[in-house]
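The values are calculated or read from the model by the stated rules, or taken from the named source; none is laboratory data. Owing to the predicted nature of the structure, the values given are computational and were not obtained by experimental measurement. Note: ideal-geometry Cβ built from the backbone for every residue, glycine included; neighbour counts use all protein chains shown. Ligands, DNA and RNA are excluded from the accessible area calculation, which covers all protein heavy atoms including side chains. Shrake-Rupley method; radii C 1.70, N 1.55, O 1.52, S 1.80 Å.
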Amino acid sequence: MAILELRDLTKRFGATTAVDHFTLSVEKGEFVSLLGPSGCGKTTTLQMIAGFETPSGGSILLNGRDLRSVPARQRGLGIVFQTYALFPHMTVEENVGFGLEMRKVPGDERRRRIAAALDLVHLSHLSGRYPRQMSGGQRQRVALARALVIEPELLLLDEPLSNLDAKLREEMQLELRRIQQEAGVTTLLVTHDQSEAMALSDRIAVMQGGRLIQEASPFEAYDRPTNAFVSTFLGKSNAIDAHLEETRDDGAVLRCGDIRLAGPPSPARPGPVLISLRPERIELCDAAAAHVSGRVGERIFLGDQWLFKVETSLGELLVVRPNSGRREPEPGETVHLSWRTEHLRILAAEPAA
Amino acid sequence: MRRNGVFAKLFSLVFALFMLAPLVVVVGVSFTPEGFLEFPPSGISLRWFRAILDNPDFIDAAIVSLQLGVASATIATAICIPAALAIGGGRFPGRDALQALFLSPLTVPTVVLGIAFLRFLSTLGLNGTFWGLVFCHVVIIVPFVLRLVLASVVGLDPSIARAATSLGAPSLTVFRRITLPAIIPGVVGGWVLAFITSFDELTVTVFIVNPATTTLPVKLFSHITQTTDPLVASVSTVAILFTVALMLVVDRIYGLDRLLIGEGSH
Amino acid sequence: MNQDRARPWLLSAPALVLFLVMLVTPLVMTAVLSFNSFDFYGGIKPTFGLENYADVLGDSYFYEIFGRTFLIALVTTLICALVGTPQAYFLLRMRPLWRSVMILVVLGPLLISVVVRTLGWAILLGNNGVINDALKNLALIDRPIKMMYTSGGIVLALVHVMIPFMILAVWAALQRQDPATEKAAESLGARPATVFRRIVLPQAMPGILSGSLIVFSLSASAFATPAILGGRRVKVVSTTVYDEFLNTLNWPLGAAIAIILLVSVLAIMVAWNRLVEKRFAGVFE
Ligand SMILES: Nc1ncnc2c1ncn2[C@@H]1O[C@H](COP(=O)(O)OP(=O)(O)OP(=O)(O)O)[C@@H](O)[C@H]1O
Ligand SMILES: [Mg+2]
């Protein structure tokens, strides 16, 4: 059974609609990410679940119970705020114990649970410190311990890693995943960082302009984006304007300018479409086998990868190749590109802006 | 940051002398053994400090001023905390008007406030009463308290209160355990500034006291306008020392510039 | 927030009630009072007319008082701006220790009663005061310079009373500036004076302007300083109101003078804000 269900959740601030008929359900033990660009309504959604914003429409069900009339303090959710919101005048221990105190958990048990929570986040040695005396990553873990110690049915995380530097962020991603699995807590994470969402989640809900665009496993969302927005927001992608000439059971025929391309079978109707092709799915090949040829415009070294910008008659194509120590084409060189037909994704054309 | 050159140092020195001169003179004069104002004093004597003890008027006035300052600062702080939480807690229709109203005693000339209170209290027959004075002072000092408390409320991360709520704290507990401790520097700073402002207030008070509720500044003022003997200097010296002591304490715990500017400035 | 609309109003209710009872009502009563009439035998009559305003506005004696009041306020404001601005800048550049000492010296007097500070100036400025004595002893003068009971003396003491407000305002503005702008100007070859004039001063301008407004309105309604240093001889608006209320007992006339002061101070503030907004629109926020 779903622990959390959002049904047609809507929030309007005056004329702007921050969240628009948003529907989503989260299963027990699952780690779900709400992913979307800045201002798409992620925080607003989370605040409505937490009870700090009143929905303009729709409903929120926790274990099948409508939360409408339940005040924030009785919802029993664990929340990690973007700013951590640690109580500056309380020690780590007091911060973590606050929720237990509110639940009138007796002293012995309280101490035991605080210790266990601090142990879980590897902070037992800092229990007497004040938040000011800690690093960003440590504060983040205190906030997590404070939210987890009350054994919430649902953990809400609002961009919990966005205040950390890149290296620490990667470490904390692994840490967060470990803690979530050890605690076995159902988690809803809000983030605008697609790599974070993909690394952590069982399922991703991509949001844009307050609406749910796609809901899928990270692999599925990456591999089979339902529209151009998802394809470019999750990782890099080449978006090519094309015309779908015909579709058959065994494939499609596409035309880009005067180039004809074969595509995978598609339910789309003939007419203008958008082709999405991941840069790492493009290979270098001989002139004879090429789908298209072009000149390397720019070559960027990314450490484990090379990124090429190739000028072709399909437009500029991004090509990514792993750095395996071989000789790579130089800028100005002519290269021949090919790909497997099934790696093309045929998406609805973007409405002319 | 570059440091000051010779000109700047000289300028600051002269300016400091200018600021200190009248205070130094008052303190100096108070030690005179003579019966008139002389500076520098021809000798050192505590004659005029002993004279304070023979003038219960001044002592009574000082007691009234202390009581008045404590009562009005406390009431002003008590009503400003909820008002600051409302005004600093987010927009609502009428918020700007409310804030403008609470800060307006700063813009109305004090002499206008003085006669307005006089007219109001004498119509009610409350002129010269202690509690009449208290509530007039509350109106005058509310802007000072409100500005400081508001500054600390606005600086507060709203998710801290939300975090406490999400952990199950009822709203009164959130206020007592989370919000109040977080804004306490502003509250204490506001109270002290309000107390000092009330303690020093003359222009409004001079209209609404009677002999039984005369405050120290009013007593000093009427004494100065009638005669000038070293007694006013010795009373003033005691007042200066009291203020300086209070000031040093405040500067330690809150920062004098923060208190007076009303926002973080270190 | 999951709260009803009433919450902010409930929270502000105590303050709001107090202000309606203790501020709005008295001010309205004063305005009404200024339209009443007065005679020396019958006292205040609940008539409703403009005689008091006609009396004030038709009498050159009151023009002189209003003119003197605003002139004193203007000169005080100018001096405070000219001295306070560089002083605030020097304050910013002091070593931390000296800075805290200087802050005590500059801001401390703000917390000491104006009566006490003005007493100090009375002792300094009197005909047999400290300054005249010193000048006589140095044989620079043989007759004392008259400083008590002059507008100049009042201005001097008012500058002492008001300049902390100016320094605070400029100080607050300077703290918002990015210290790197000064270094940038210096790296481009500007001398210290040029840095001050071209980089610091424009950024301090919002502080100078708001400080000027505070100093002007406080000076125009100052009471203790002109009362002690000017006495009956150099009257300003607030001392005139005081006399009407507590000596002549002509409250309606006093109220009319006070209302004229209130209206002119508010008008000057509004006009000043308009001017500043127009002139500096877009530069500051
Ligand atoms: N209290 C409010 N009043 C008016 N508009 C608001 C309010 N809160 C949010 N909005 C608007 O609602 C939209 C969604 O805001 P929200 O904070 O949910 O975005 P977000 O997805 O969390 O963005 P970010 O990644 O930048 O945190 C934005 O356009 C924002 O301007
Ligand atoms: Mg957000």
Most fluctuating of A:Val70, A:Val149, A:Val190 in the GNM of chain A (C-alpha, under 10 Å) is A:Val70
Note: C vs B interface, total accessible area buried (1.4 Å probe; ligands, DNA, RNA excluded), nearest 100 Å², is 7500 Å²
Scoring only Lys, Arg, Asp and Glu (+1, +1, -1, -1) among other residues with Cβ under 9 Å from the Cβ of A:Ser56 yields +2
Mean accessible area per residue over chain A (1.4 angstrom probe, all protein chains present, square angstrom) is 46 Å²
Taking N as the number of residues in the protein assembly as shown, the ratio of its alpha carbon radius of gyration to 2.2 N^0.38 Å works out to 1.25
Looking only at aspartates and glutamates whose Cα falls under 18 Å of A:Lys167's and that sit 8 or more positions away or on another chain, we get A:Glu159, A:Glu175, A:Asp193, A:Glu196, A:Asp304
Total charge of the residues flanking A:Asp202 in space, meaning their Cβ is under 12 Å from its Cβ, with Lys and Arg +1 and Asp and Glu -1, is -1
Partner aspartates and glutamates whose C-alpha sits under 19 Å from that of C:Lys278, ignoring same-chain residues fewer than 8 away, are none
For segment B:171-180, in residue order, the Karplus 3J(HN,Hα) values (coefficients 6.51, -1.76, 1.60; θ = phi - 60°; whole Hz; Gly and Pro = x) are 4, 5, 5, 4, 5, 6, 8, 10, 5, 4
Low-density loop trypsin sites (Lys or Arg not before Pro), segment C:178-247, at most 15 other Cβ within 10 Å, DSSP non-H/G/I/E/B, are C:Arg232, C:Arg233
Dividing the helical contributions, -39500 (n - 2.57) per DSSP H run of n ≥ 4, by the residues of chain A yields a 222 nm value, nearest 500 deg cm²/dmol, of -7000 deg cm²/dmol
Here the residues of segment B:64-102 whose accessible area is at least 30 Å² smaller with all protein chains than in the chain alone (probe 1.4 Å) are B:Ile79, B:Pro82, B:Ala86, B:Phe92, B:Leu98, B:Leu101, B:Phe102
Between chains A and B, total accessible area buried, probe 1.4 Å, no ligands or nucleic acids, nearest 100 Å², roughly 1700 Å²
Looking only at aspartates and glutamates whose Cα falls under 14 Å of C:Lys235's and that sit 8 or more positions away or on another chain, we get C:Glu64, C:Asp243, C:Glu244
Connecting every pair of Cα atoms under 10 Å apart in chain C and solving the GNM, the largest mean-square fluctuation among C:Gly67, C:Gly84, C:Gly211 falls on C:Gly67
Expected integer from the mean partner chain Cβ neighbour count at 10 Å over A:20-30 is 0
Per segment A:2-228, sqrt(5λ) over the Cα gyration tensor eigenvalues, sorted largest first, in Å, gives 29, 20, 16
Total charge of the residues flanking C:Met102 in space, meaning their Cβ is under 14 Å from its Cβ, with Lys and Arg +1 and Asp and Glu -1, is +3
So B:Lys9 and B:Ser42, fully extended at 0.36 nm per residue minus their Cα-Cα distance, gain in nm 8.6 nm
Largest fluctuation, B:Leu146, B:Leu13, B:Leu98 only, Gaussian network model of chain B with Cα springs under 10 angstrom, belongs to B:Leu13
Trypsin sites (Lys or Arg not before Pro) in segment A:90-125 lying in a DSSP loop, each with at most 11 other Cβ atoms within 10 Å of its Cβ, come to A:Lys104
Calc'd 3J(HN,Hα), segment C:109-115, phi into Karplus 6.51 cos²θ - 1.76 cosθ + 1.60 (θ = phi - 60°), Hz, glycine/Pro = x, comes to x, 4, 8, 9, 3, 4, 4
Listed by chain and number, the residues whose amide H is under 5 Å from that of A:Gln214, excluding neighbours fewer than 5 places away on the same chain and using placed H, are A:Val206
Phi-derived 3J(HN,Hα) across segment B:5-13 with the Karplus relation (6.51, -1.76, 1.60, θ = phi - 60°), rounded Hz, x for Gly and Pro, is x, 4, 4, 4, 5, 5, 4, 5, 5
Mean other chain Cβ within 10 Å across B:115-127 is 6
Using the Kirkwood radius over Cα pairs of segment B:56-226, the Stokes-Einstein translational diffusion coefficient at 20 °C and 1.002 mPa s, in µm²/s and rounded to a whole number, is 124 µm²/s
Residues whose modelled amide H sits under 5 Å from the amide H of A:His21, counting only those 5 or more places away in sequence or on another chain, are A:Thr10, A:Lys11
